[in-house]
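Let me begin by presenting the structure, written as structure tokens, before commenting on it.
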Amino acid sequence: MRSLLLFLFLLGVSCSGQKRLPKDRDVSSSQNSKELQLVLQDNYSGVEQTEFQVIRDSKALKNFFLQINKTRKPGLPIPEVDFSRELLLVYCAGTSLGIDRSELVIVEDSEDNIVIGLKEHTSVEKEYPNVATMPFCIYKMPLTPKKISFQKLK
């Protein structure tokens, strides 16, 4: 009986030890992640050319999802967004070979302009290099009257 209690105690202590966060996190990346929050990412958008959109109302969001869900059965659900407090940033990468893992980041935030950049995850080889995909990602950020522009980082 004692050995069973000791085992359960050690199991409980070892499981709770993994919940701590690393202390050496980059402060600047955590600040950007608070401003840009990933809502949805998928490998098929139906958009063949590279495209960046700022969506500020539910009608534009519904139109975007109509395009995405043309060939999906069942379609992707439209995320719920409070457009009085938030806006959406949509990046469609166009047709590419392999599965792309990219993310949007804030490059510059000035008084009247926000520049969004695409940070590509570099890897030695792409996953599934013979598969044609049309990836997209949707991020939300707090509503702002600033002009939002897109720039591809190198």
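Overview of values
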read-out	value
Two-site label geometry, Tyr44 and Ser96: point separation in nm, points 7 Å out along Cα→Cβ	1.9
Footprinting exposure proxy for Phe136, Phe7, Phe150 (fewest neighbouring C-beta atoms within 10 Å first)	Phe7, Phe150, Phe136
Hull-based mean projected area of the range 27-152, where the convex hull spans the alpha carbons, in square nanometres	8.5
Estimated distance in nm for a label pair at Phe83 and Asn113, the labels positioned 7 Å out from Cα along Cα-to-Cβ	2.7
For Leu143, distant residues with modelled amide H under 5 Å away	Glu86, Leu87
Calculated FRET value between Ala132 and Leu66, using beta carbons and R₀ = 25 Å, to 0.05	0.65
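We did not get these values from a lab; they are worked out from the coordinates using the rules stated. Keep in mind the model is a prediction, meaning the values are calculated, not measured. Reconstructed Cβ throughout: ideal geometry from the backbone, glycine too, with neighbour counts over all protein chains shown.
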